[in-house]
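Input: a single structure, listed below in structure tokens.
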Amino acid sequence: MNNLAECFEETGKALDYPQFLADVLEGLSKEQKTLPCKYFYDEAGSNIFEQICELEEYYITRTELEILRSAGTEIADEMGEGVTIIEPGSGAGIKVQILLDALLHPRKFIPLEISLDALEASAQELKQKFPRLEIIPHRGDFTDHKDLGNLPLSSDQSERRLVFFPGSTIGNFSRAEAAEVLSNLRFLAGENGSVLLGADLIKDRQRLISAYDDSKGVTADFNKNLLVRINRELSADFDLDEGFEHQAIFNEELSRIEMHLVSTKDQVVRIDGQEITFARDETIHTENSHKYSAELFAEIAREAGLGITHQWTDAQQDFGLFLLKSGL
């Protein structure tokens, strides 16, 4: 689920304020109110997500870390020396450290992250741990073709790239959207490159729900922090104390966990001078997390022009790590 402009910290405002505002107002004007999950990750949201990754119920991170450690040698053998790593949605950069340790003399690392704070912090930490590695942080959105086009990619056709997309982020998108994201990753990888991607697998429903509605309420804090951010950055007046409750459900038809914020009462919220009306029990749909079989994921990858060359899972078959290439 990140060096940049000092004015960002000085003003406390998102540099893309107009887009943030437009996205929020558009989402809350729909019959089923929504908010884009990419806005979860301000500094506070990124920190809360790191806490989620430490929870007993949230198996995803520790399972993927185990798979990365066990598969590191195979991944390195497949990629060879001098590879360039690109990580869209890089966050804190914890998992890529395992990958960088395993790879043979990686050439450079390009993290792409929408959160300025997370990008700056992870880039500084990686520079300390990998002083010989060229690190080129880039602020942007991996779903935005303009941001992808602005990445500092080499025109050298012989450059081998590995696009690293861990954490089951692909599950946040519908099937059509996931295929489009995979197409973006294929573009970043280039003709000679590969995509290394994590995906959460279908399992016991209660384990899934508990992972997104933990006993300590950390996931609830993460979900509600989106309203905190909107209040702070968009001059809104969401009732942060008693106005909304966190909810996680499993949608059987679409094979996904859905996170919602449920209005506890009839209320009116003002955002940048505009009024949004909520009925009691009305929800804001904030995030999806689709769960896959290996067969279903392979189908979606093919729609994006990618084929699976290797896949690794844990002993319980909870999580999958897939290596993808073009034209297979």
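Considering only residues in the range 124-162 that are within 22 Å of I75 (Cβ to Cβ) and basic (K, R), the one that is surrounded by the fewest Cβ atoms within 10 Å (Cβ to Cβ) turns out to be R132.
Whether a residue is under 27 Å from D237 (Cβ atoms) and out of contact with any Lys or Arg (no Cβ under 7 Å at 6 or more places or on another chain) was assessed, and E299 does not pass this test.
If I go through the range 104-123 residue by residue, how many of them are under 24 Å from A71 (Cα atoms) and surrounded by fewer than 20 Cβ atoms within 10 Å (Cβ to Cβ)? Final tally of qualifying residues: 4.
The residue that is farthest from L188 (Cα to Cα), counting only those in the range 69-93 that are of a type in the set (A, V, I, L, M, F, W, C) and touching a Ser or Thr at 6+ places or on another chain (Cβ under 8 Å), is A92.
The residues listed here are L254, L227, L201; of these, the one that is buried (at least 19 other Cβ atoms within 10 Å of the Cβ), closer than 27 Å to F297 by Cα and of a type outside the set (V, I, T) is L201.
Yes/no per residue for (1) under 30 Å from D156 (Cα atoms); (2) among the aromatic types (F, W, Y); (3) in contact with a Cys (Cβ under 8 Å, 6 or more places away or on another chain); (4) exposed (fewer than 14 other Cβ atoms within 10 Å of the Cβ):
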{"position": "S194", "(1), (2), (3), (4)": "yes, no, no, no"}
{"position": "R207", "(1), (2), (3), (4)": "no, no, no, yes"}
{"position": "K216", "(1), (2), (3), (4)": "no, no, no, yes"}
{"position": "F278", "(1), (2), (3), (4)": "no, yes, no, no"}
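Within the range 231-243, the set of residues being surrounded by fewer than 18 Cβ atoms within 10 Å (Cβ to Cβ) and either among the charged types (D, E, K, R) or closer than 29 Å to R205 by Cα (or both) comprises R232, D237, D239, D241, E242.
Restricting attention to the range 32-65 and to residues that are part of a loop (DSSP other than H, G, I, E, B), over 14 Å from the mean Cα position of the chain (by Cα) and not acidic (D, E), the residue that is nearest to I114 (Cα to Cα) turns out to be L35.
All of the numbers you see were taken from the coordinates with simple rules; none came from a lab. Every value quoted in this text rests on a predicted model; they were computed, and no experiment measured them. Cβ sites come from the backbone with ideal geometry, for glycine too, and all protein chains shown count toward neighbours.
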